[in-house]
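S.K.: After the structure tokens below, expect a handful of questions from me.
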Amino acid sequence: MKTELTALFRTGSCCLLCCILLAGCRTSHAPATAEANLLEAEEAFFNTLRKQSFQYRTLTARIQFELSMASEKSFSSRANLKIRRNSRIQLSIQPLLGIEAFRVELSPDSILVIDRLNKRYLSEAFGQIKGDAKIDFNFYNLQALFTNQLFLPGEAELPENAFHRFRWKQTETGYALQTEDQTKLQYIFMADRQEKLYASRITDAAAHYALHWEYTDFRPAGEQLFPMKIHAGWFVDDASKGALALNYSRIEIDAPVEINSVIPPGYEPVNFSQILKMLK
């Protein structure tokens, strides 16, 4: 399972609702049971949550981010984020005076990293990076994490009939929705009573490894609400191994977005292991 979780973190990865048994026989005129009322309320909540999901065709934003590791090393920088929904995610890291030092670009089937400081680049298919790991987590799921959306592991969109593919639990603030992928990774989404998603969690069945994604400071972006602050953290046996804080600003949706994927001439190709070593 460690292999699957490692692949999930690099990229950078269902069970049916428990059947509600109605106690006793009743006529067609009998009142609805408490269980039936609860199921109806949960389904209505899910439909509202799905409809109020952040809608966009393109998204651009200015980001201030800080990456910190368990070794107490940290790195902070400004960056530009560009997203063409279901097509490209590009993060341009600009630590000084708007000059790009590093670029990461993701598509549904590949990753491109351009290191301008060392004139190197990585261009690989996700299949090569994941190796033998069979996790369902994919480009579309990562896109959903960046844009505060509920998702099903391995799928591009959340279908209308997805309600029964989550297990439900009432919490003090709203609901927890849980599903899993074929490797038994658990995906847990926390929503408040205003049908707003405020946290996503991914963990293995034994809870040894976990990725937490928290959303705060919701503000208007057009006519919708968007979390201007995101905090991500990864854990091993409840011990923090690193964290990423994102502060959004200058958000614009549905404007034309150009993404340049050209590799500059003379850059040296490297593999993923070399990129990770450089980052360390």
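S.K.: Out of the residues in the range 102-140 meeting the condition of being at pLDDT below 90 and either assigned to a helix (DSSP H, G or I) or over 27 Å from GLU180 (Cβ atoms) (or both), tell me which one is most open to solvent (accessible area, probe 1.4 Å).
M.R.: The extreme case among them is GLN128.
S.K.: With respect to ALA176, determine if the residue is over 27 Å from GLU40 (Cα atoms) and either open to solvent by less than 50 Å² (accessible area, probe 1.4 Å) or not in a strand (DSSP E or B) (or both).
M.R.: no
S.K.: Tell me, which strands (runs of 3 or more DSSP E) lie completely within the range 192-280 with 3 or more residues that are small (Gly, Ala, Ser)?
M.R.: Strands (runs of 3 or more DSSP E) meeting the threshold: 239-253.
S.K.: Contact list please: Cβ distance under 7 Å, first residue in the range 257-280 and within 12 Å of ARG120 (Cβ to Cβ), second residue at pLDDT 90 or above and open to solvent by 80 Å² or more (accessible area, probe 1.4 Å), pairs at least six apart or on different chains.
M.R.: Taking only residues 6 or more apart or on different chains, the pairs are GLY266/LYS119; TYR267/LYS119; GLU268/LYS119.
S.K.: Among the candidates ALA191, ALA144, ALA156, single out the residue that is among the aliphatic types (A, V, I, L, M), in contact with a Gly (Cβ under 6 Å, 6 or more places away or on another chain) and within 28 Å of ILE63 (Cβ to Cβ).
M.R.: Unique residue meeting the criteria: ALA191.
The values are calculated or read from the model by the stated rules, or taken from the named source; none is laboratory data. Computed from a prediction, not measured in an experiment: that's the story for all the values here. As a convention, Cβ positions derive from the backbone with ideal geometry for all residues, glycine included, and neighbour counts pool all protein chains shown. Ligands, DNA and RNA are stripped out before the accessible areas are found, and what is left, the full protein with its side chains, is counted by its heavy atoms. Shrake-Rupley method; radii C 1.70, N 1.55, O 1.52, S 1.80 Å.
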